[in-house]
Amino acid sequence: MGKTIVFANQKGGVGKTTTSVNLGSYIAESGKKVLLVDFDPQGNMSSSVNADSTKNGIYEVVSGKAQVKDTIQNTVVKNLDILTSNINLSGAGVELVEYKDWEHFLERSLATVKDDYDFIFIDSPPSLDVLTLNGLTAADSVIIPLQCEYFALEGLSLLLQTIKKVQKNINSDLKICGIVFTMYDSRTNLANEVVQEVSGYFKDKVFKTVIPRNIRLSEAPSHSVPINLYSPQCIGAKSYEKLAQEVLERV
Ligand code: ATP
Ligand code: MG
């Protein structure tokens with residue numbers, strides 16, 4: 001049965017989508033079957049792998065018009081599938097809470113395909129709303145992408161409190177798989193200070209691999225392919241390849 005990992009941080013633009021897509025792609029490249037679940041109305045994960053967001057996706061599943069099994073699309077990467085999302089999902093919160101046990105909706109939906117995959121990677125929106133809560137409930141573990149900036153730390157404690165509440169009340173099995181630093185710039189003192197402070201506190205929860213700021217990583221989505229297809233030799237690609245190995249060792 002597949003391991004489900006949610007990528008969460010209510011702070012916007014910290015690398016949730018970039019990390020979930022590229023990790024997923026490297027793990028798929030290693031021969032594991034991976035399902036990406038775009039659970040963000042922005043649909044960035046879907047466009048990052050050239051999926052067709054006009055076809056049925058997770059929104060149609062939420063609104064009861066489609067089943068997960070019939071909505072999954074293949075991607076350009078072998079072994080990598082996706083359940084797409086689009087802007088319609090932004091109104092789905094109201095529909096979701098109409099379900100009994102709405103927190104478990106995504107978990108129930110993904111249970112129908114969990115046996116078909118080694119990993120399910122859920123991308124979540126930059127908020128702690130019903131979508132993110134559904135993601136945390138559906139997941140076995142959470143990966144927290146953290147930008148190496150001062151304000152990144154402010155949001156972290158709120159996120160950790162939320163995770164604790166979910167563990168206590170809804171999903172006692174939820175683990176923190178790890179914290180990954182993104183967009184690291186070794187030239188700035190602040191980035192080094194943030195890495196040292198967070199690593200000192202969270203110790204082995206922090207992944208050893210740090211993702212550097214790398215222009216290729218930001219270009220790849222505009223070509224609708226993950227970094228292993230766009231620029232496999234660049235430092236950003238090598239970093240996500242290493243991170244994929246670390247994740248495989250941890251789970
Ligand atoms: P949101 O909260 O809006 O969903 P996010 O947390 O998913 O954002 P991303 O979309 O992954 O964040 O990244 C934000 C922006 O930074 C994107 O334009 C992305 O291409 C770019 N980016 C992400 N990681 C890197 C990196 N290591 N180096 C350079 N650019 C990056
Ligand atoms: Mg995103």
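The values are calculated or read from the model by the stated rules, or taken from the named source; none is laboratory data. Just so you know, these numbers come straight off a predicted model, no measurement behind them. We place every Cβ from the backbone using ideal geometry, glycine too, and count neighbours over all the protein chains shown. Side chains are part of the model used for accessible areas, which takes the heavy atoms of the whole protein and leaves out ligands, DNA and RNA. Shrake-Rupley method; radii C 1.70, N 1.55, O 1.52, S 1.80 Å.
Residues in region 37-75 that are touching a strand residue (DSSP E or B) at 6+ places or on another chain (Cβ under 7 Å), within 16 Å of ligand 1 (Cβ to nearest atom) and more than 20 Å from Ser127 (Cβ to Cβ) were compared, and the one that is least open to solvent (accessible area, probe 1.4 Å) is Val49.
Matching residues to (1) open to solvent by 60 Å² or more (accessible area, probe 1.4 Å); (2) within 16 Å of ligand 1 (Cβ to nearest atom); (3) of a type in the set (Phe, Trp, Tyr):
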{"residue": "Thr162", "(1), (2), (3)": "no, yes, no"}
{"residue": "Asn169", "(1), (2), (3)": "yes, no, no"}
{"residue": "Ser172", "(1), (2), (3)": "yes, no, no"}
{"residue": "Val198", "(1), (2), (3)": "no, no, no"}
{"residue": "Val210", "(1), (2), (3)": "no, yes, no"}
{"residue": "Pro221", "(1), (2), (3)": "no, yes, no"}
{"residue": "Cys234", "(1), (2), (3)": "no, yes, no"}
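For the criterion of being modelled with pLDDT of 95 or more, part of a helix (DSSP H, G or I), surrounded by 16 or more Cβ atoms within 10 Å (Cβ to Cβ) and within 16 Å of ligand 1 (Cβ to nearest atom), Ser20 passes. Taken together, Ser172, Ser199, Ser239, Ser186 contain a single residue that is at negative phi, more than 16 Å from ligand 2 (Cβ to nearest atom), more than 19 Å from the chain's Cα centre (by Cα) and part of a helix (DSSP H, G or I), which is Ser199.
Six or more apart or on different chains, Cβ under 6 Å: which pairs go from a residue in region 48-67 that's closer than 21 Å to Leu23 by Cα to one that's open to solvent by 30 Å² or more (accessible area, probe 1.4 Å) and not in a loop (DSSP other than H, G, I, E, B)? Could you list them? Close Cβ pairs satisfying both conditions: Ser48/Pro221. A count restricted to region 1-14 and to residues that are more than 15 Å from ligand 2 (Cβ to nearest atom) and either open to solvent by 10 Å² or more (accessible area, probe 1.4 Å) or farther than 15 Å from Ile122 by Cα (or both) stands at 2. Here Asp81 does not qualify as surrounded by fewer than 17 Cβ atoms within 10 Å (Cβ to Cβ), charged (D, E, K, R) and more than 15 Å from ligand 1 (Cβ to nearest atom). Of the residues making up region 15-52, those that are among the β-branched types (Val, Ile, Thr), within 12 Å of ligand 2 (Cβ to nearest atom) and in contact with a helix residue (DSSP H, G or I) (Cβ under 7 Å, 6 or more places away or on another chain) are Thr17, Thr18, Val21.
Each residue in region 85-143 was checked for being in a helix (DSSP H, G or I), under 13 Å from the mean Cα position of the chain (by Cα) and surrounded by fewer than 21 Cβ atoms within 10 Å (Cβ to Cβ), and 0 pass.
Residues of region 174-192 that are loosely packed, with under 14 Cβ neighbours inside 10 Å and either in contact with a helix residue (DSSP H, G or I) (Cβ under 6 Å, 6 or more places away or on another chain) or not small (Gly, Ala, Ser) (or both): Asp185, Arg187, Thr188, Asn189, Leu190.
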